[in-house]
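Just so you know, all these numbers are worked out from the coordinates, no wet-lab data involved. Here the structure is a predicted model, which means the values were calculated and not measured. Every residue, glycine among them, receives a Cβ derived from its backbone with ideal geometry; neighbour counts consider all protein chains shown.
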Amino acid sequence: VQPQPDAKMCDQTFLAITFGPCDNCSQNKPLMNIYLKNEPINYCSLCVEMMACQGLAKGETIHTLKAESESLKSKLEEERAKLHDVELHQVAEKMEALGQFVMKTRRTLKGHGNKVLCMDWCRDKRRIVSSSQDGKVIVWDAYTTNKEHAVTMPCTWVMACAYAPSGCAVACGSDEEKSIQYVVLLYVFVILTSSGDGTCALWDVESGQLLQSFHGHSADVLSLDLAPSETGNTFVSGGCDKKANVWDMRSGQNVQSFETHESDINSVKYYPSGDAFASGSDDATCRLYDLRADREVAIYSKESIIFGASSVDFSLSGRLLFAGHNDYTINVWDVLKGTRVAILFGHENRVSTVRVSPDGTAFCSGSWDNTLRMKVKGLAVVIGVLHHPVVSAPRAAGELRNIGHSFPVIYS
Amino acid sequence: MARDMSDKEIMKMELEQLQKEVKNTREPVSKTAKEICEWVEAQAAEDPLVKGVPEDKNPFKEKGGCIIT
């Protein structure tokens, strides 16, 4: 049998306009002129085949994802802007202006050995729990200023504390210990926490089991607040990624998100009606977000306010917003008209927390000056330790809200 | 967790979230702002920090001294 000469067999014929180095493999071959993303390229037939086989995953680089994200963000802003037909303060123009705002400090609660980091009111409108850098958690009778309980935690920087709706238990959290300890006087069922790792989590307290986790923030989550129970099973969170997210507690889904602040969001609080929420940020502004219009509808700021807002809360009717700042003051805003009605002084260091009492008669502020002050316009046994498995950042176990047994969480 | 995800995975998560959010239903601010104002007006009468608390009903008023009669 005679050896056959090497025959170059083409398995397909195509019109080769050029012959030269392939843009992909650099070999000199007949080139196919094709368009990839509107750019003309010259690939040899082999490279064209391989490219076709790589299928849909091809081209999905970080750059294409980013471009798509940017274009969707613009679309989202466009949709939101279409419904921005009037400003909140314009609608509020015909409302009666607020009278002169005078508030007196009525009680100063002294007893913490170091900065007060967090406080919460009990539903009985009388008791307050506060936590401090000194590792102590104190329950006070606000009417008499007597201390009812004092618990020493096995850690310092107790960043967060909250009363259970039942009033019979208190939960506290610290990032140093990387755990949440709860001091129980009766029963507590479910806890919602936010963490320095960017997640929020819902726990069954009795079993220590994680029921649901919430992913969507790209940095520490510093604050969260539950929607008023009548309006549904959602909560809002705010974090160091400058975003405020609204979540469905059962599905774990992020249903709405807002990114208009220019710095870390330190505090978020639902409007009493549940249709909006406020935020306080290191950018020295507070903002109001309307959940049904799906946009920011007010900014509470002044050129003279340059220190971050650490904590915000509404009065009972939602007409007033109290914001504690790092310049030791508390600003009081007319929520609807957007104007400031008062500045409150009295603390000797930054204000870390502000809370209006459950019946709206007073509000309490806690500060790094180690005291809690209350203004009017007038145990225990540690029974368990919950380990939040992924607190890895050096800050904030965030805010705790104790939902209690009235909340219909079903683990599925 | 966000820390454990690659940049590409984070971008993908953000993209999917945006795709969902674009589809949310929204109402005009003229309607929602009006409803917020109406809600506040209905509640404001019962807001002690707005209308004030008479001294005799104030649970936080300073404790008085003793009066000997």
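For segment B:7-57, the Kirkwood estimate of hydrodynamic radius, built from reciprocal distances between every pair of different alpha carbons, is 15.1 Å. Among the residues of A:216-224, the average count of other protein chain beta-carbon atoms within 10 Å of the residue beta-carbon is 2. Site pair A:S251 and A:Q209 shows an inter-label distance of 2.3 nm when each label is modelled 7 Å from Cα along Cα→Cβ. Working from label points 7 Å from Cα in the Cα-to-Cβ sense, the A:T105 to A:H63 distance is 5.9 nm. With the simple spin-label model, which puts each label point 7 Å out from Cα in the Cβ direction, the A:E49 to B:A42 separation comes to 7.2 nm.
For B:E55 and A:A150, what is the calculated FRET efficiency with R₀ set at 41 Å and r taken between the beta-carbons, to the nearest 0.05? For R0 = 41 Å, the calculated efficiency reads 0.80. Are any of the pairs A:K337/B:K23; A:K82/A:K337; A:K75/A:K337; A:K94/A:K337; A:K269/A:K302 more than 19 Å apart by Cα-Cα distance, and if so, which? In this structure, A:K337/B:K23; A:K82/A:K337; A:K75/A:K337; A:K269/A:K302 exceed 19 Å between Cα atoms.
Report the FRET efficiency, 1/(1 + (r/R0)^6), for A:Y35 and A:N233, where r is their Cβ-Cβ distance and R0 is 60 Å, rounded to 0.05. The formula returns an efficiency of 0.75 here. Shown is the FRET efficiency for A:K302 and A:D359, computed with R0 = 35 Å from the Cβ-Cβ distance and rounded to the nearest 0.05: 0.70.
Peptide A:87-100 is shielded by partner chain Cβ atoms: per residue, an average of 3 of them sit within 10 Å of its Cβ.
Mean per-residue shielding of peptide A:316-328 is 3, counting Cβ atoms of other chains within 10 Å of each Cβ. Of the cross-linked pairs A:K242/B:K51; A:K242/B:K8; A:K66/A:K243, which ones have a Cα-Cα span greater than 23 Å in the structure shown? Pairs exceeding 23 Å: A:K242/B:K51.
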